[in-house]
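The values are calculated or read from the model by the stated rules, or taken from the named source; none is laboratory data. The shown structure was predicted, so the numbers you read here are calculated from the model rather than taken from an experiment. All Cβ positions, even for glycine, are placed from backbone atoms using ideal geometry, and neighbour counts span all protein chains on display. Accessible surface areas use protein heavy atoms only, side chains included; no ligands, DNA or RNA. Shrake-Rupley method; radii C 1.70, N 1.55, O 1.52, S 1.80 Å.
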Amino acid sequence: MNKALNESNSDYQQTLQEIADFFKQNTLPVFIASHVDPDGDAIGSCLGLQRALKKLGKTAQTYASMPQYLQFLAGPDEVLPPISHLPEDVIVVVLDVDNNDTRRVEGLQLEGFPGFTINIDHHGTNKRNSNLNLVCPSQAATAQIITDLVELMGVECDEGIANPLLTGIITDTGSFKFSNTTPEVLMAASRLIAGGADVSFVNESLAQHPRRYYQLLVLVLQSMRYELNDLCVTAHVSSAMLESVGASWEDVESYVGMIRSAQGTELAIMFKDYGTHIKISARSRGKASAQNIAIACGGGGHYAAAGATLQMPFEEAYARVIDEARKELERVELA
């Protein structure tokens with residue numbers, strides 16, 4: 001593991017204050033974006049910041065492909081579809097992903113953008129190359145950082161701001177089950193609940209799934225394999241499987257967390273076969289690094305949760321990822 005990459009900003013509070021002051025003084029429109037296949041932390045962070053900025057009287061807009069399961073968070077036109085033309089006289093804010101990884105950024109076309117960019121993220125592999133960077137891998141979710149930022153901006157929290165930020169924290173901590181659930185995470189969640197977040201509403205909304213989700217789950221569970229002396233559990237889903245039950249890729253997002261619960265395993269890896277390429281989502285119980293596996297396959301992420309895209313057929317990608325998983329288990333003397 002590259003420890004330098006995973007270090008948080010040593011000047012967290014100072015940089016947070018600098019960004020808060022910048023937003024309060026800024027008069028330009030703010031365009032907000034996150035990553036491809038946005039999750040609860042991505043959308044929650046974007047909406048929390050957008051609403052806080054609007055409460056300050058600023059112009060702010062999120063651009064993203066809004067997942068169906070997160071529609072409960074957004075009002076009309078609060079999240080607009082991705083745009084291909086980016087005006088020069090705007091401030092760009094990229095949340096929960098490295099702004100330099102243009103293959104992973106969705107919502108705004110950043111190539112050649114000459115304007116001011118702010119990048120706020122909690123992924124240790126972030127290259128930290130924008131006008132203002134705040135990268136804190138020690139934070140469980142980008143929404144946790146935005147919670148701190150909103151408070152420094154002097155914006156009074158309300159349900160509209162607190163619900164999406166709490167959603168981001170809940171999804172990235174596995175409803176406070178993962179090892180990234182620190183006292184600081186719980187205190188941030190407590191402040192959001194005190195500020196108006198409806199924890200019951202958020203959890204109930206996240207727990208709702210359409211019929212196709214369960215029909216697809218049957219196929220995914222049938223694909224499960226135990227590898228490397230049962231220390232690694234895998235599953236895969238393909239475009240054909242989705243088509244057979246009328247499901248979409250967003251229905252797949254929670255499955256890796258489900259197979260992660262397989263007793264006796266240290267690693268869980270979900271393979272998503274798009275036909276032209278393979279995406280993996282890797283999870284670790286904490287002894288082995290999912291991040292190392294993802295980096296070796298051209299991706300990145302956190303120590304306990306990471307991903308990568310491989311431009312090769314499924315069986316070839318499967319063999320390569322399992323080999324990297326074997327190397328990682330050997331590194332930590334589990335295999």
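Relative to one another, the C-alpha centroids of the stretch 254-271 and the stretch 163-237 are positioned 12 Å apart.
Its Cα gyration tensor gives the stretch 95-139 an equivalent ellipsoid; the semi-axes, largest first and in whole Å, are 18, 11, 8. Placing +1 on the Cβ of every Lys and Arg and -1 on the Cβ of every Asp and Glu, with nothing else charged, gives the stretch 1-122 a dipole about its Cα centre of roughly 340 debye.
The reciprocal of the average 1/r between distinct C-alpha atoms defines the Kirkwood hydrodynamic radius, which for the stretch 228-283 equals 11.8 Å. At q = 0.12, 0.14 Å⁻¹, what is the log10 ratio I(q)/I(0) for the stretch 180-323, with the Debye formula run over Cα points and no solvent? Log10 I(q)/I(0), no solvent term: -0.56, -0.74.
How would you rank 237-246, 30-39, highest first, on the average number of other Cβ atoms within 10 Å across their residues? Spell out each step's value before the answer.
Values: 237-246: 15.1, 30-39: 23.2.
Packing proxy ranking, top to bottom: 30-39, 237-246.
Extension gain, Leu186 to Val218: 0.36 nm times the residue separation minus the Cα-Cα distance gives 8.1 nm. Across all directions, the average projected area of the convex hull around the alpha carbons of the stretch 251-335 is 5.1 nm². Taken over the alpha carbons of the stretch 44-175 as equal point scatterers, the Debye sum produces base-10 log I(q)/I(0) values at 0.20 Å⁻¹ of -1.34. What the phi angles of the stretch 220-232 give under the Karplus curve with 6.51, -1.76 and 1.60, with θ = phi - 60°, is a coupling list of 5, 5, 5, 8, 4, 10, 9, 10, 6, 6, 6, 7, 10 Hz, glycine and proline written as x.
Entry note: the chain has Rg to Rh equal to 0.96, where both radii use alpha-carbon atoms and Rh is the Kirkwood radius. On the basis of the beta-carbon distance and an R0 of 35 Å, Asp323 and Asn129 show a calculated FRET efficiency of 0.65. As a length-normalised measure over Cα pairs under 8 Å and 6 or more apart, the relative contact order of the stretch 54-176 settles at 18 percent.
Using DSSP to call loops (not H, G, I, E or B), can you name the trypsin sites (Lys or Arg not before Pro) in the stretch 110-191 whose Cβ has at most 12 other Cβ atoms within 10 angstrom? Working shown, then result.
Values: sites: Lys127, Arg128, Lys177, Arg191; in loops: Lys127, Arg128, Lys177.
Answer in residue order: Lys177.
Per-residue 3J(HN,Hα) values for the stretch 128-137, derived from phi via the Karplus relation 6.51 cos²θ - 1.76 cosθ + 1.60 with θ = phi - 60°, read 6, 10, 9, 5, 9, 10, 9, 10, 9, x Hz in sequence order (x marks Gly and Pro).
A simple rule links phi to the HN-Hα coupling: the Karplus curve 6.51 cos²θ - 1.76 cosθ + 1.60 with θ = phi - 60°, which for the stretch 106-120 gives 10, x, 10, 8, 8, 4, x, 5, x, x, 7, 10, 10, 10, 10 Hz, with x for Gly and Pro. In the stretch 49-109, Rg over Rh equals 0.95, where Rg is the alpha-carbon radius of gyration and Rh the Kirkwood radius from pairwise Cα distances.
Taking a Cβ cut-off of under 11 Å around Ala325, the surrounding Lys, Arg, Asp and Glu residues balance to a net charge of -2, with basic ones at +1 and acidic ones at -1. Dividing the alpha-carbon radius of gyration of the stretch 123-191 by the rule-of-thumb value 2.2 N^0.38 Å gives 1.13. Calculated mean residue ellipticity at 222 nm for the chain: -11500 deg cm²/dmol, from DSSP H runs with n ≥ 4 weighted as -39500 (n - 2.57), summed, divided by the residue count and rounded to 500.
Overall, the accessible surface of the chain at a probe of 1.4 angstrom is composed of carbon and sulfur to the extent of 50 percent.
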